[in-house]
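The values are calculated or read from the model by the stated rules, or taken from the named source; none is laboratory data. Quantities reported herein were computed from a predicted structural model and do not represent experimental measurements. Virtual Cβ from ideal backbone geometry, glycine too; neighbours counted across all protein chains shown.
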Amino acid sequence: MLRIKNLVKSFDGERRRRSRAGGDTGRDRERVYAVNDISFEVEDGELFTLLGPSGCGKTTTLRSIAGLERPDSGTIEVGGRTLFAAAGRGRPVNVPANERGLGMVFQSYAIWPHMTVFDNVAFPLQVRRRGQRPGKKEIGERVHRVLSTMELDDYADRQATKLSGGQQQRLALARALIIEPPLLLLDEPLSNLDAKLRESLRYELKRLQRDLGITSVYVTHDQTEALVLSTSVAVMRHGDVVQLGRPREIYENPNCRFVAEFIGTSNFIAGEVVARDGERYTVKTDDGQLVLDSSAAMPTGTEVVVSIRPEAVEVGRTSRAGEVPNEWTGKVLTRAFLGEAVDHVVGVGRHEIRARGNPDVSIAPGTEVYLRLDPAKLALVPVD
């Protein structure tokens, strides 16, 4: 459906010149690469998420697909149709944004405040060229069908600004869907909502996307949002895609420390690979050995970091040494009740390891405990 190949987008920037004494001696112009030679594909019916911190290039990538930014090089294709191709082997192509036929939902919704709900949704059809514009009756039928899908049919005659935040978000989505686009682009559409509403709308958006089967590219910095909504996730950093895969794969098997830190919470323990048998590794750390399973290719002697998710750590008051691998002893430093779970922070040597478990298990600070680390739930990542 969507194919991005070798996409590059840079901007003019400034870099301060410093004297040897540390003084500011002026500024030099330099190119800042917001998108740095990235490639990926999105299949029909997928919800593909670009995830990363501010400034990583995710919104620039989305705007390039929409035609709101002109890349320096690369190609963008949707459904076999070339929307952008830089000058090179063939003639350059840059289809204007209003001719790409894509739907887009902005972070601010960008609904027209002087129009009713019905008119907001109908407008993209009403401004089409004469030969492509549906009749008045068809426009009315399509608008009411989309509003019904969004559960907004009772608000058709209401001014758009008199809707709640969640309803305005659904209105913006309805307006994007009315043109029946081959690709829907969403730029952090839930970020302006309060936490409770944002959580409920995540599942509603996922249901709608699945039921309608519309191919979507979603931009967010919210890791939970990406895990809940996505078919596939591309984690971006400094204009690069550092890891691409299914949400569970990226969460359970991050390929670098940045991904492990950005997606969820992790404990990190530095060590050295001292033995390997297929995908079973033994890693020597300052506080003892760890045995784990990993598909990473790390030869013996490699310095590595073991990433341990809090839910992969079992805390107990009694030892099971000899029955399970990776049992360490430590002392509870603090605990926090989270409602659905309890977090314990346990001191083990120089490390403070966070463990998340059943809310019925709450161990007081100062208690000596045993930590058990499941080899199948530990991840091996290279030292950055």
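Of the residues examined, residue 275 is not one that is touching a residue at least 60 places away in the same chain (Cβ under 8 Å), among the aliphatic types (A, V, I, L, M) and in contact with a strand residue (DSSP E or B) (Cβ under 9 Å, 6 or more places away or on another chain). Within the range 201-242, the residues that satisfy the criterion of being more than 9 Å from the chain's Cα centre (by Cα), among the β-branched types (Val, Ile, Thr) and outside any helix (DSSP H, G or I) are 214, 215, 217, 231, 241, 242. The one condition from (1) part of a strand (DSSP E or B); (2) within 20 Å of residue 219 (Cβ to Cβ); (3) at pLDDT below 95 that residue 251 does not meet is (1). Of all residues in the range 343-367, those being assigned to a loop (DSSP other than H, G, I, E, B), without any contact (Cβ under 8 Å) to a residue 60 or more places away in the chain and surrounded by fewer than 18 Cβ atoms within 10 Å (Cβ to Cβ) number 9. Is one or more of the residues making up the range 287-298 at pLDDT below 95, more than 29 Å from residue 346 (Cβ to Cβ), among the aliphatic types (A, V, I, L, M) and over 22 Å from the mean Cα position of the chain (by Cα)? Taking every residue of the range 287-298 in turn, at least one turns out to be at pLDDT below 95, more than 29 Å from residue 346 (Cβ to Cβ), among the aliphatic types (A, V, I, L, M) and over 22 Å from the mean Cα position of the chain (by Cα).
From 90, 103, 52, which residue is farther than 30 Å from residue 251 by Cα and not hydroxyl-bearing (Ser, Thr, Tyr)? Within the list 90, 103, 52, the selection yields 90.
Residue-by-condition table, conditions (1) over 19 Å from residue 182 (Cα atoms); (2) at pLDDT below 90; (3) surrounded by fewer than 16 Cβ atoms within 10 Å (Cβ to Cβ):
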| position | (1), (2), (3) |
| --- | --- |
| 95 | no, no, no |
| 108 | yes, yes, yes |
| 112 | yes, yes, yes |
| 132 | no, yes, yes |
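Picking from residues in the range 84-107 that are of a type in the set (A, V, I, L, M, F, W, C) and part of a strand (DSSP E or B), the one that is farthest from residue 57 (Cα to Cα) is 93. Listed by position, the helices (runs of 4 or more DSSP H) contained in the range 112-200 that have at least 2 residues being of a type in the set (Val, Ile, Thr) and under 20 Å from residue 214 (Cβ atoms) are 136-149.
Residues that are modelled with pLDDT of 85 or more and farther than 19 Å from residue 216 by Cα within the range 166-205 comprise 167, 168, listed in sequence order.
The number of residues in the range 179-191 that are over 17 Å from the mean Cα position of the chain (by Cα) and surrounded by 14 or more Cβ atoms within 10 Å (Cβ to Cβ) comes to 4. Of the candidates 283, 274, the single residue that is outside any loop (DSSP other than H, G, I, E, B), in contact with a Lys or Arg (Cβ under 7 Å, 6 or more places away or on another chain) and within 22 Å of residue 328 (Cβ to Cβ) is 274.
Each row is one residue, and each column tells you yes or no for (1) surrounded by 14 or more Cβ atoms within 10 Å (Cβ to Cβ); (2) on the phi > 0 side of the Ramachandran plot.
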position	(1), (2)
275	no, no
278	no, yes
288	yes, yes
300	no, no
306	yes, no
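Screening residue 218 with (1) more than 29 Å from residue 307 (Cα to Cα); (2) touching a strand residue (DSSP E or B) at 6+ places or on another chain (Cβ under 7 Å); (3) of a type outside the set (Gly, Ala, Ser) gives one miss only, at (1). Filtered by the rule that a residue be of a type outside the set (A, V, I, L, M, F, W, C) and surrounded by 15 or more Cβ atoms within 10 Å (Cβ to Cβ), the range 321-339 gives 325, 326, 327, 329, 330, 335.
In the range 368-382, of all residues being in contact (Cβ under 8 Å) with a residue 60 or more places away in the chain and out of contact with any helix residue (DSSP H, G or I) (no Cβ under 7 Å at 6 or more places or on another chain), the one that is surrounded by the most Cβ atoms within 10 Å (Cβ to Cβ) corresponds to 380. The residue list 38, 65 contains one member that is crowded, with 21+ Cβ neighbours inside 10 Å, of a type outside the set (Gly, Ala, Ser) and over 15 Å from residue 185 (Cβ atoms), which is 38. Here the condition is being in contact (Cβ under 8 Å) with a residue 12 or more places away in the chain, touching a helix residue (DSSP H, G or I) at 6+ places or on another chain (Cβ under 6 Å) and not assigned by TED's automatic domain parsing to the domain that holds residue 36; of 270, 296, 312, it holds for 312 alone.
Residue 171 meets the conditions (1) within 25 Å of residue 43 (Cβ to Cβ); (2) in contact (Cβ under 8 Å) with a residue 60 or more places away in the chain in every case but one. The failed one is (1).
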